Amino acid sequence: MSVVYSCEFEVYGKVQGVYFRKHAEQKAKSLGLRGWCMNTKEGTVKGYIEGPIRSIYVMKEWLKNTGSPMSDIKKTEFSTPRKSREYGFVSFTIRPDVIRRAKERKTQ
């Protein structure tokens, strides 16, 4: 059994409305990573990735320097990678926006 690493991230800049999450999902899946990402009300994209340490490092570089074609990344923050014996997620997904979830609750 291989060791699983995980870390949280937050990306600042022009990262909403530019398909950043969709590109992040595609990149994460291509690297065999699991986890999630979502827009925040502060205009950032937050997320969690887990998988082999090499894939984590590649994804971190992508989040810092590449992103989606129309994004403009100003800053990216990461938690320290943590070791685990098992995965916590089945795949990598895009979670609903914080703003959209709040609106959905109001209409129910």
Taking residue 27 as meeting all but one of (1) under 17 Å from residue 91 (Cα atoms); (2) in contact with a strand residue (DSSP E or B) (Cβ under 7 Å, 6 or more places away or on another chain), write down the number of the exception.
(2)
Considering only residues that are out of contact with any Lys or Arg (no Cβ under 9 Å at 6 or more places or on another chain), small (Gly, Ala, Ser) and at positive phi, which ones fall in region 1-42?
17, 32, 35
Having 1 or more residues that are buried (at least 17 other Cβ atoms within 10 Å of the Cβ) and of a type in the set (Ser, Thr, Tyr) is the bar; report the strands (runs of 3 or more DSSP E) wholly within region 1-88 that clear it.
4-14, 45-51, 72-78
Scan region 60-68 and tell me whether some residue there is in contact with a Leu (Cβ under 6 Å, 6 or more places away or on another chain), modelled with pLDDT of 95 or more and within 24 Å of residue 16 (Cβ to Cβ).
no
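The values are calculated or read from the model by the stated rules, or taken from the named source; none is laboratory data. Owing to the predicted nature of the structure, the values given are computational and were not obtained by experimental measurement. Every residue, glycine among them, receives a Cβ derived from its backbone with ideal geometry; neighbour counts consider all protein chains shown.
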